[in-house]
1. Can you give the extra length, in nm with one decimal, that the chain gains between A:His147 and A:Lys131 once fully stretched, where that is 0.36 nm per residue apart less the Cα-Cα distance?
2. What is the sum of charges, Lys and Arg at +1 and Asp and Glu at -1, for the other residues whose Cβ falls under 10 Å from the Cβ of A:Asp230?
3. How big is the Cα convex hull of chain B in projection, averaged over all directions, in nm²?
4. How large is ³J(HN,Hα) for each residue in region A:385-402, as worked out from phi by the Karplus curve 6.51 cos²θ - 1.76 cosθ + 1.60 (θ = phi - 60°), to whole Hz, x for Gly and Pro?
5. For region A:236-284 and region B:159-223, what is the centre-to-centre distance using only Cα atoms, to the nearest Å?
6. Name the residue from A:Pro185, A:Val162, A:Pro208 whose Cα lies farthest towards the positive end of the charge dipole of region A:155-261, charges +1 on Cβ of Lys and Arg and -1 on Cβ of Asp and Glu.
7. Given bins 5 angstrom wide, list per bin the percent of all Cα-Cα distances in region A:408-495, short to long.
8. What is the Cα convex hull volume of region A:1-96 when expressed per residue in Å³?
Protein chains: 2
Amino acid sequence: MSDTAARLSALRAELEKADLNGFFVPMADEYQSEYVPDSAQRIEFLSGFTGSAGFIIALKDKAAFFTDGRYTLQASQQIPADLFTIFDMATKTPSAWLAKNVKPGTKLGFDPWLHTDDGIARLKKAAAKAKAELVPVERNLIDAIWHKRPAPPAAPIYAHDVTYAGKSSADKRKEIAADLKKDGPAAAVITDPASVAWLLNVRGGDVPNTPLPLSFAIIKDDGKVKWFVDPRKLTSGLTKHLGKEVEACDPGLLPDALDRLAEEPKPIRVDPAEAAYWIVERLRTAGAKLDLGEDPCVLPKACKNSVEIEGMKAAHRRDGAALVTFFAWLERNAVSGELTEMAAEEKLAECRAGNKHYRGPSFHTISGAGPNGAVVHYRATPATNRKLTKGEFYLLDSGGQYMDGTTDVTRTIAIGKPSPEMRDRFTRVLKGHIALASVRFPDGTTGSELDALARQYLWAAGLDYNHGTGHGVGSYLGVHEGPQGISRRSKVPLKPGMVVSNEPGYYKPGAYGIRIENLQVVNEIVELSGGERKMYGFETITMAPIDRAAIDIGMLSNDERAWLNAYHARVRENVRPMLEGEAAHWLDQATMPV
Amino acid sequence: MSDTAARLSALRAELEKADLNGFFVPMADEYQSEYVPDSAQRIEFLSGFTGSAGFIIALKDKAAFFTDGRYTLQASQQIPADLFTIFDMATKTPSAWLAKNVKPGTKLGFDPWLHTDDGIARLKKAAAKAKAELVPVERNLIDAIWHKRPAPPAAPIYAHDVTYAGKSSADKRKEIAADLKKDGPAAAVITDPASVAWLLNVRGGDVPNTPLPLSFAIIKDDGKVKWFVDPRKLTSGLTKHLGKEVEACDPGLLPDALDRLAEEPKPIRVDPAEAAYWIVERLRTAGAKLDLGEDPCVLPKACKNSVEIEGMKAAHRRDGAALVTFFAWLERNAVSGELTEMAAEEKLAECRAGNKHYRGPSFHTISGAGPNGAVVHYRATPATNRKLTKGEFYLLDSGGQYMDGTTDVTRTIAIGKPSPEMRDRFTRVLKGHIALASVRFPDGTTGSELDALARQYLWAAGLDYNHGTGHGVGSYLGVHEGPQGISRRSKVPLKPGMVVSNEPGYYKPGAYGIRIENLQVVNEIVELSGGERKMYGFETITMAPIDRAAIDIGMLSNDERAWLNAYHARVRENVRPMLEGEAAHWLDQATMPV
């Protein structure tokens, strides 16, 4: 019997013991953050699937695995088809599956720490349609059978200096407290570890690619904070950094602290889209008045202050120098036809490694040659490791965590001479990128209202891409950060200081992929002569040449050409002082006007 | 004492009698449709205000009048400031006012027929914050003091022939019934008179500018309809037109029919955003299971069938011929400097009057010269009647009701030579118009996602306009029709057959106004070679030249110039056969390529 079969069978024995007919296994830990630590990789343990999006419903006689379009192929390779039926969530939702596959009276268990309050509301609705019942379990049924479960991460937590953060934790706490006082709640339960890290100006290393310490906090409207964090993570000097207003508490004290919030005459803010059901339910059961609403740190965290923006820009200059060094090397080495995706990825890491303040990648590099570039979330492995080949595109999406900022950049490089179709598609993507980079817009405009600007030239040819155009980016924090974005789903007004990516693409399966990604910061436009309205615009902060050999220059308007030349001049001016020799020479060539 | 003072004082005596502390007077009748008949113009009766947007809260010791930016000036001229405080709803909502101005325990009366169910929910929430109470009244307090209240309209109702409607009422009823069966409800209460008119293929004349009969209907999932309509409106032949499945009932029977819907085991669909609170509350009280959701006629009514689209196009060709005849006359007569807005408006009406199938204007013409063009919803009156003057813009927004279609078109004409700034602004508006007219977009795209295309060239200069870019248009029905539109608030996906206006503008108060408006129909794009996705696009159906003298040609891209020339060639081809003499000659000149 395979590991997977044995584990599924053991889980079913646990179902029997717990008097349940099924169990949900989401891709989540109790912090609901983007990266799930090994100790919470229950889907991988149960099914063998190693991707980053998944949801399992295990019943006694069948089991369903749900993922998104990125991972359906990988899932079919990793998960035994006789044990799990694999679904693309876009065509079959867990709710729809439940409606057809569970009988009235079915008892479905769930771990109340691994679902948000909103998520359980949705599942309850779906279960109710099938006349099934949702039952929270005290101990996760997977953990009961997972004998070698890794320990939860406990990376040291250190202060994030105000020279990078731009505002002291004390000032942030004062401002959040004032917001609470104005809005009405007596306290907010902060369940997003990134919000806690921002609020307390601390960083850690509990998850890959992000300097994130996993922890919870409660902030009261007087600015005092209880910080629920594993004491083993605390490093010396942190107490002084935090001051007397922040009390570090053992996470075991959280339940009691939540209960005591019920004594407050004013309501308690908690974010039902982010907080574990367990936390919200504990407050409800204790009789707290709930103010279900957005985590009060989310918006101030998204709107970077001037020190953070200057830091982001400095990090992007250094990151640009590393990229240019890499591209110069690439140009010399790709012609051989022997350079592989993984070797290129390794060289890029080497180019970044020496950079000041560099602490590691901000996500796993996507290094995709030819048809591999068409796989949106591709990860090169020994089995797929393709050579960069003449006449193909090479797509490189990577980023760095610097103590003064986080970067995320994609360039698509023509290896040899691209076909006219490839240049046509590249140019349409570029025109969309430029349209979004140059737009001005009034206060109140959301990303969903700007998304079409980046797609219009592809749409005109009957083409599109199946991902959002942009996501928010943290400041030495998550490379994906809300609430803003540029996509159909981005309904939050863009505000000065927000950083978003601008990354339209085009993907021809089996042939090539194109993506051009810069980060840009929202600025107020002040120099508009004759302007009547307050207008915002974007300032591009990524500093790396866009491959001119991939462009069909004749398709660019004069304004687009001017944008490209001005951007390249700015890249040269910002990055050249850090370079010499081959890289400097390559940059001069790569940034010549078109 | 003025009329207004006497009436407000009489209303307060009624408050006393009814044991109430206040009363709401909305701009609405029991049908919640766009045009309010004279019999329901209670705001005008009480306050003297004649605009189309308003809301009054009359308390015993003070009264507040709310309107939007279009009408604040007019309100201050028509409403005595010592009796009512006037507010712009954009800066002060009735809810916010209530929170500050009513004491705990206040009883606020409302007429349950004049507010939607959603509207009352919002008011209740606002009242609850102020610890006030909402009380429905049996008889409207205004009606009690309105001694010469006009009778409700009772215009004859006639069949709308299938040669115009494109689908028989029987087929429409069959399709709606099938939708209900699929979705679950046993019946739908149709409270929007435009939906009833569409469903039964009938037209009438109860309100200005729209061939709308005011009535309600209930359709069951077997396709049978009870039609609640004043029997005096029924004309001969209607019974035969409607057949045995449609039963005309006296409106007095509606309450009983609603009560009987409570006996259905399946739920009853009613649209809380559209239905009077009275109707929804009657269903609730009777114990009906409610399926609160969209009126099932709204979407099929919006997606015109091929006969309706051909009719719309034919109506627009004839409407274009009338406009060209008018513009030719205008060019000859405006030079004198003596032509007034009202004289021009009258001449335009004359040009349309002779058209085949023409039944009247689709809304009150906006004929605004110079600074009057900057008033978005301007209506020329003897007091404001300006002469068309050299060096100024003349803005003309008008439309016709034809039995085969409804038109709505705005042109901005340069009288003499416009200034460089005027041409710059006109050209930015035109560029936005062209961008929206030419965009292609995938299924699922909403108007809110396309709105920025029309604004981008104004935004680039720090300019904007304070209205949506487009609204849906009915087929020989309301010139404003949902659910689609092009604006920040338009969250409904655009579907083939929908007709929307494309009308960006620019307004410089005290100087000039610009608007360029065409109607366009959503089509599936079928001829896209190399295209990979199903794409939709717009086909412009309005047929009238855009004033080339107002354009700064140098600001247009080659593609924009090509669009303009192709559009003008199409206008000439479609309209020229209907013209001769001066008008034909003018058209030839006006549509020459740029």
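Coordinate-derived values only; no laboratory data. Just so we're clear, the structure is a prediction, and the values are computed from it rather than from any experiment. In this analysis, Cβ positions are derived from the backbone assuming ideal geometry, glycine residues included, and neighbour counts consider all displayed protein chains.
1. Result for the pair: 2.3 nm of gain on full extension.
2. Details: positive: A:Arg232, A:Lys233; negative: A:Asp206, A:Asp250.
Every neighbour counted, the sum reads 0.
3. The Cα convex hull of chain B, projected and averaged over all directions, gives 28.3 nm².
4. 4, 8, 7, 5, 10, 4, x, 10, 8, 10, 9, 10, 10, 8, x, x, 9, 10
5. Answer, in whole Å: 56.
6. Looking along the dipole axis, the top candidate is A:Val162.
7. Spelled out per bin, shortest first, that is 3, 13, 20, 21, 19, 13, 7, 4, 1.
8. 109 Å³
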